[in-house]
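Participant: Let me begin by handing over the structure; questions about it come next.
The values are calculated or read from the model by the stated rules, or taken from the named source; none is laboratory data. Just so it is clear, the structure is predicted and the values come from calculations on it, not from any experiment. Here the Cβ is made from the backbone with ideal geometry for all residues, glycine too, and neighbour counts use every protein chain on show.
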Amino acid sequence: MIKTLTEKKHYVILGSFFLLLFIILLSIRLGSVEYSFNKIFEVFFQKEMTPERNILFNIRLPRIIVAILVGANLAVAGALLQAVMQNPLADPGLTGVSSGASLVAIIIMLVFPSYSYLVPIGAFIGGAIACFAVYILAWKDGIKPIRIILAGVAINAILGGGTSLLSILNSDRIQGVLLWVNGSMSGKNWSDARVLIIYSSIGLFLGVLCIRKANILQLGDEMASNLGVSTNKYRVLLSLVAVFLAGISTAVVGVIGFVGLIVPHIARLLIGSDYKYLLPFCIVLGSCTLLLGDTFARTIMRPVELPVGVIMAIIGGPFFLYLLRRGRA
C-alpha cells in the first residue's frame, strides 16, 4: 500500500512536468501574433534573425522563463510560510512579505531611479524587515502561528498604505511602474531572466534543504519540543527563505498574490502534506499556474495585455473565500 501511494506521488509529479511542457509550447505559440507549431519548429532552427525569431527568442522565451521561476518561487514561499504558521491560508501576500518588498522596490524606482539595479536586493531587505516586524509584534512568550497571521495583516495594511501614498505623491512618474504594481510579465527580457535564474536557484535550493524542518513544524510545537527541536529557530529559518524567494520575485515582476495560497493547497489535495513530495510538486505546479495565467492574460484581450497579477487576484480571491467557507483554515 505504501509503495502504491509513493508511486502515485511520483506519477503525479511526473505528470506535472509534462503539463508544464505543454503549457510552455502553448505559451510560445499564442500571443498578439499566433504561430503554428510547424512555424515554431522552423524558426527555432533558423540562424537568420527574422522578425519571427526575434519575437520567439527575445520576447516570448525570456518571458516564459521569468513566469516559470516566479511561479515556482511564490509557490515554495507560500508552502514554507504555511508550515511556519501551521495554517493553509498563509502566503507572502497575506503576511506582509510582498508588501515590504513592494514598498522598498517602489521607493527605489520612483524616488531613486538611478539605483534601479538595487531593486532585487532592496526588495529582499524590505521583505525581511516586514517579516522581522511581524515576528516582533507576534512574540509573546514565544511565537504562535495565529499571532503571526494577525501581525502580518496589520503590517500588510501599513505597508500597503505607504505604497499608495508614494504612488499619489509621484503621480507624474507612476505610469512607468503601474504594470509592476499590478504584477506583470510585460517587457521582461533576458536580463531579467538571468537575474532570476541566479537568485531563484539559490532560493529554491535553500527551500529544498528546509524540507525536514517543514515536516517537523507540521507535527506541532509540543511534539517538536519533545523531539528536542527549537520551533522558533526553525520558523525564523523557513521564513527567511520564504522572504528571499518572495522578495526577488516581487522585485522583478511586481506584486502577484494568491499563487502562494492556491498552489500549495491544490498540491496537498493531490499529493499529501509530506514536504518531501509537496515542495518539488509546488515548484512545478507553481510554474504551471503562473505561466498559464500569464498566457491567458496576454491573449484574452489581445493585442492588449492584462497584468497577470490581476488575473491571479480574480482567481485567487474566490478561492480564498471558498477555503474560508469550507473551514480549511
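Participant: Cβ-Cβ distance below 6 Å, separation of 6 or more or different chains: which pairs start in the range 145-168 with a residue that is touching a residue at least 40 places away in the same chain (Cβ under 8 Å) and under 29 Å from Gly220 (Cα atoms) and end on one that is hydroxyl-bearing (Ser, Thr, Tyr) and buried (at least 18 other Cβ atoms within 10 Å of the Cβ)?
Facilitator: Listed by first residue and then by second, the contacts come to Gly152/Thr95; Asn156/Ser99.
Participant: Name every residue in the range 16-42 that is without any contact (Cβ under 8 Å) to a residue 40 or more places away in the chain, within 21 Å of Met185 (Cβ to Cβ) and either buried (at least 17 other Cβ atoms within 10 Å of the Cβ) or of a type in the set (D, E, K, R) (or both), in order of residue number.
Facilitator: Ile28, Arg29, Glu34, Tyr35
Participant: For Ala138, work out the one condition from (1) under 17 Å from Leu80 (Cα atoms); (2) modelled with pLDDT of 75 or more; (3) in contact with a helix residue (DSSP H, G or I) (Cβ under 7 Å, 6 or more places away or on another chain) it doesn't fulfil.
Facilitator: (1)
Participant: Of Ser273, Ser287, Ser225, which residue is outside any helix (DSSP H, G or I), farther than 23 Å from Ala133 by Cβ and not aliphatic (A, V, I, L, M)?
Facilitator: So the residue among Ser273, Ser287, Ser225 that is outside any helix (DSSP H, G or I), farther than 23 Å from Ala133 by Cβ and not aliphatic (A, V, I, L, M) is Ser273.
Participant: Tyr275 is checked against (1) out of contact with any Gly (no Cβ under 9 Å at 6 or more places or on another chain); (2) surrounded by fewer than 24 Cβ atoms within 10 Å (Cβ to Cβ) and fails just one. What number does that condition carry?
Facilitator: Unmet condition: (2).
Participant: Another question, then. In the set Val310, Val255, which member is over 17 Å from Leu19 (Cα atoms), within 15 Å of the chain's Cα centre (by Cα), among the aliphatic types (A, V, I, L, M) and part of a loop (DSSP other than H, G, I, E, B)?
Facilitator: Val255
Participant: From Arg302, Arg268, which residue is basic (Lys, Arg) and under 12 Å from Ala79 (Cα atoms)?
Facilitator: Sole residue among the options that is basic (Lys, Arg) and under 12 Å from Ala79 (Cα atoms): Arg268.
Participant: Can you name the condition, by its number, that Thr95 falls short on among (1) polar (S, T, N, Q); (2) part of a helix (DSSP H, G or I); (3) over 24 Å from Glu305 (Cα atoms)?
Facilitator: (2)
Participant: Please enumerate the residues belonging to the range 229-270 that are of a type in the set (Val, Ile, Thr) and more than 20 Å from Ser102 (Cα to Cα).
Facilitator: Val229, Thr231, Val236, Ile262, Val263, Ile266
Participant: Taking the range 287-314, which residues are in contact with a helix residue (DSSP H, G or I) (Cβ under 7 Å, 6 or more places away or on another chain) and among the polar types (S, T, N, Q)? Before the answer, list the steps.
Facilitator: Of all residues in the range 287-314, those in contact with a helix residue (DSSP H, G or I) (Cβ under 7 Å, 6 or more places away or on another chain) come to 287-297, 305-308, 311-312.
Within the range 287-314, Ser287, Thr289, Thr295 meet the criteria.
Participant: Further, regarding this structure: Which condition does Ala246 not pass, out of (1) without any contact (Cβ under 8 Å) to a residue 12 or more places away in the chain; (2) in contact with a helix residue (DSSP H, G or I) (Cβ under 7 Å, 6 or more places away or on another chain); (3) closer than 29 Å to Arg63 by Cα, if it passes all the others?
Facilitator: The one condition Ala246 does not meet is (1).
Participant: Looking at (1) under 30 Å from Arg212 (Cβ atoms); (2) in contact with a helix residue (DSSP H, G or I) (Cβ under 6 Å, 6 or more places away or on another chain), can you tell me which one Leu103 breaks?
Facilitator: (1)
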